[in-house]
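Values quoted throughout were computed directly from the atomic coordinates according to the rules given, and no laboratory measurement underlies them. What you see is a predicted model, and the numbers here were worked out from it, not measured in a lab. Ideal geometry is used to build each Cβ from the backbone, glycine not excepted, and the neighbour counts take in all protein chains shown.
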Amino acid sequence: MENVKAVTFDVGGTLIEPWPSVGHAYAEVAQRHGVEVEPDVVTGQFVKAWQARGDFAYTKDAWATIVDQSFDGLTTTLPSRTFFDELYDEFATSKPWFIYPDVIASLAALKKRKMRMAVISNWDDRLRMLLESLELAHEFEVIIVSAEVGFTKPSPEIFQAAVKALQLPPAQILHVGDSEIEDHHGAQAAGFQSRWLCRDAAEPIGNCITSLNDLIQ
């Protein structure tokens, strides 16, 4: 982290993840509306829908399509016509989310070192509310959300929005995220320093780190 004045973080897969799974959270809401589904089946269909999403708009309508695909063949009436609104609102709260164990201590250590911190995330307009609910929002000086700036990672424009907000040269900003393309390559193309977070890797390779704790070694 040579000559780093600020660290920017991705959110999903970096700071938080759905808990115990997307399917469990979806199934719990569905059950309130009389729809019984197997969480693992819903998770499997969600993963397929997410991987095939293409250029995702991070709008409520775009999420409705993903949720409908997650329940395809599992219910007679699609969620977009029944319980989708409730499910969408729930994911703006802390209830279905888990903060990774290394997050709080790592942020505290960086703050102790007077490091400036920000978020750069591909997300919809629920992100600020969610970070408040998780009691994480106050950790970050700047929160850059793709739905607000009109560009998604790996586009350079979303990283440039952070540069403008932080008033720092890109080379003095380190970005950390779990996507090799969106976070690691996107940040490097924008002139940032970068660390690719590979939580499931057996050992770090190159610019890959296995924990946020590696930032404070």
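What pairs come up if the first residue lies in the stretch 166-184 and is in contact (Cβ under 8 Å) with a residue 60 or more places away in the chain and closer than 25 Å to Arg199 by Cα, the second is surrounded by fewer than 19 Cβ atoms within 10 Å (Cβ to Cβ) and charged (D, E, K, R), and their beta carbons are under 6 Å apart, counting only those six or more places apart or on different chains?
Pairs found: Gln172/Lys5.
Can you tell me which residue within the stretch 22-49, out of those that are among the small types (Gly, Ala, Ser) and surrounded by fewer than 18 Cβ atoms within 10 Å (Cβ to Cβ), is nearest to Gln188 (Cα to Cα)?
Of everything passing the filter in the stretch 22-49, Ala49 is nearest to Gln188 (Cα to Cα).
Would you list the helices (runs of 4 or more DSSP H) that sit entirely within the stretch 104-217 and hold 1 or more residues that are farther than 14 Å from Phe9 by Cα and acidic (Asp, Glu)?
Passing ranges, in order: 127-133, 146-149, 156-166.
Would the stretch 44-53 turn up any residue that is in contact with an Asp or Glu (Cβ under 7 Å, 6 or more places away or on another chain), without any contact (Cβ under 8 Å) to a residue 40 or more places away in the chain and part of a helix (DSSP H, G or I)?
yes
Would you be able to tell me the number of residues in the stretch 54-77 that are crowded, with 17+ Cβ neighbours inside 10 Å and part of a loop (DSSP other than H, G, I, E, B)?
4
So how many residues does the stretch 90-103 have that are outside any helix (DSSP H, G or I) and either among the β-branched types (Val, Ile, Thr) or over 16 Å from the mean Cα position of the chain (by Cα) (or both)?
Residues that pass the stated criteria total 2.
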